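Just below is one structure, and these are the notes that go with it.
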Amino acid sequence: MSDVTGDLQNILSALAERFGQTLRSISSFRDNTRLEVSRDRIYDVLQTLRREFGFDMLIDVTAVDYLYYPNARDRFAVIYCLLNVTTGQRLVVKTYLNEPDLVLPSVFSLWKSADWLEREVYDMFGIVFEGHPNLKRILMPQEFTAFPLRKDYPLRGFGERHNFPVITRAES
Amino acid sequence: MALGIPENVFLSRLDALANWVRKNSLWPMPFATACCGIELMATGASRHDIARFGAEVMRFSPRQCDLMIVAGRVVMKMLPVLQRIWLQMPEPKWCISMGACACSGGVFDTYAVVQGVDRFIPVDVYVPGCPPRPEQLTASVIALQERIERTGTLTGREFAQRITSDGPPVVQPLPDKAIVAPGDALTSTRLWQVDLPPLPGGVKTAFPELEEDQDS
């Protein structure tokens, strides 16, 4: 905490005052400040950061699958990387999810860039963003049934890549 | 002349004549999806100059081509497109699989990358390399020219015997876990025509009119 720079420290204090126990932990490593939020208030925290503290750019939305991870308490983490363009402050907001309830509120209403980022997280991990305007697969084919970046999905898939019609020379 | 044939007249077979013409005017369809495409461009450019072998006319319409050069990795989403382009090319046609990825998937041994295009379309010449040098691609064009000259026929009947796949044996996907109908080479755009699995959580999208289009 001590190396969190001044303005960011004020923001974190204000957040801690307002959300209390909702903020599970605040940590920092070098110039990287991380904020862990419980999932039921994640939208409120992000909305506050967007509206009141000027984090007007959503750099990335990504996820982590902690299956087989030593000492992990939760299955999934969803991570939001925020940037305040005016002051250059960066903040990483993280929340945890468990099966079977893999639903988070979409932040598309706060940042338009959440559109494709949330679709990618849905495509790769199967985490659903409620309120997203067009939540469908972005990288994999639409009829793909698995979520390939989950750790229980084999690296080479279940054979989907071999499941195509074969065209021989005589029939083409 | 003993046979009474005047000067500057040659006798040949029609097959040989057609082969001579075809091998010296291969029109490539550059299916370049990755870094092999850069080497393919270099092969077409002035230093390596594939025009020396009559194959400089890169056509981006499959209907004007007779040589498909698959340069780069092909993923599951791209394979139906590749197959459709191959079917659109008029006979006689040939295929060069250029580079490790097109031949075997290369280092991309993952869930989304097709492990060699020869599993799903016929391939005549394989070019190893990652990516191959332009000299290698030139050599493959020369090898294909020799093959056309040796085996080609006027009517293309040499293709009719190849009724089985030339590629590696078919791998069966796991029946209960793999997707059922991934590719349709005839339509290739199949976004809204399949029964999509329901979204977990019963999420509604904001475009109900799109959903209605899918249903109809």
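Does B:Trp27 fit the bill of being touching a helix residue (DSSP H, G or I) at 6+ places or on another chain (Cβ under 7 Å) and on the phi < 0 side of the Ramachandran plot?
Numbers: touching a helix residue (DSSP H, G or I) at 6+ places or on another chain (Cβ under 7 Å): yes; on the phi < 0 side of the Ramachandran plot: yes.
For B:Trp27, the condition - touching a helix residue (DSSP H, G or I) at 6+ places or on another chain (Cβ under 7 Å) and on the phi < 0 side of the Ramachandran plot - is met.
For residues that are within 21 Å of B:Val57 (Cβ to Cβ) and in a helix (DSSP H, G or I), tally how many sit in the stretch B:137-169. Don't jump to the end; show me each part of the working.
Here is the first cut: in the stretch B:137-169, the residues within 21 Å of B:Val57 (Cβ to Cβ) are B:137-149, B:152, B:156.
Now restrict to residues that are in a helix (DSSP H, G or I): B:137-149.
Going through the stretch B:137-169 one residue at a time, the tally reaches 13.
Take the residues in the stretch A:141-172 that are of a type in the set (A, V, I, L, M) and over 17 Å from B:Gln115 (Cβ atoms), then tell me which one is farthest from the other protein chains (Cβ to nearest Cβ).
Of everything passing the filter in the stretch A:141-172, A:Leu149 is farthest from the other protein chains (Cβ to nearest Cβ).
What is the residue count in the stretch B:77-132 for residues that are among the aliphatic types (A, V, I, L, M), facing another protein chain (nearest Cβ under 9 Å) and closer than 19 Å to A:Phe164 by Cα?
As a first pass, look at the stretch B:77-132 and keep what is among the aliphatic types (A, V, I, L, M): B:78-79, B:81-82, B:85, B:87, B:89, B:96, B:98, B:100, B:102, B:107, B:112-114, B:117, B:121, B:123, B:125, B:127.
Then keep just the ones that are facing another protein chain (nearest Cβ under 9 Å); that gives B:79, B:87, B:89, B:112-114, B:121.
Imposing the further condition that a residue be closer than 19 Å to A:Phe164 by Cα reduces the set to B:79, B:87, B:112-114, B:121.
Residues meeting the conditions: 6.
Give A:Phe125, A:Phe108 a once-over and let me know the one that is within 11 Å of the chain's Cα centre (by Cα) and under 26 Å from A:Arg24 (Cα atoms).
Working: A:Phe108 fails: within 11 Å of the chain's Cα centre (by Cα).
Answer to the selection: A:Phe125.
Has the stretch B:43-65 got at least one residue that is surrounded by 13 or more Cβ atoms within 10 Å (Cβ to Cβ), charged (D, E, K, R) and over 18 Å from the mean Cα position of the chain (by Cα)?
Scanning the stretch B:43-65 turns up at least one residue that is surrounded by 13 or more Cβ atoms within 10 Å (Cβ to Cβ), charged (D, E, K, R) and over 18 Å from the mean Cα position of the chain (by Cα).
Condition first: without any contact (Cβ under 8 Å) to a residue 40 or more places away in the chain and either within 30 Å of A:Arg161 (Cα to Cα) or not hydrophobic (A, V, I, L, M, F, W, C) (or both). Can you find one or more residues in the stretch B:26-36 that meet it?
Here is the first cut: in the stretch B:26-36, the ones without any contact (Cβ under 8 Å) to a residue 40 or more places away in the chain are none.
Among the residues of the stretch B:26-36, not one is without any contact (Cβ under 8 Å) to a residue 40 or more places away in the chain and either within 30 Å of A:Arg161 (Cα to Cα) or not hydrophobic (A, V, I, L, M, F, W, C) (or both), which makes the answer no.
Here, each number is a calculation from the coordinates, and none is a lab measurement. On a predicted model such as this, the values are computed, not experimentally measured, just so you know. Here Cβ is always computed from backbone atoms with ideal geometry, including for glycine, and neighbour counts include all displayed protein chains.
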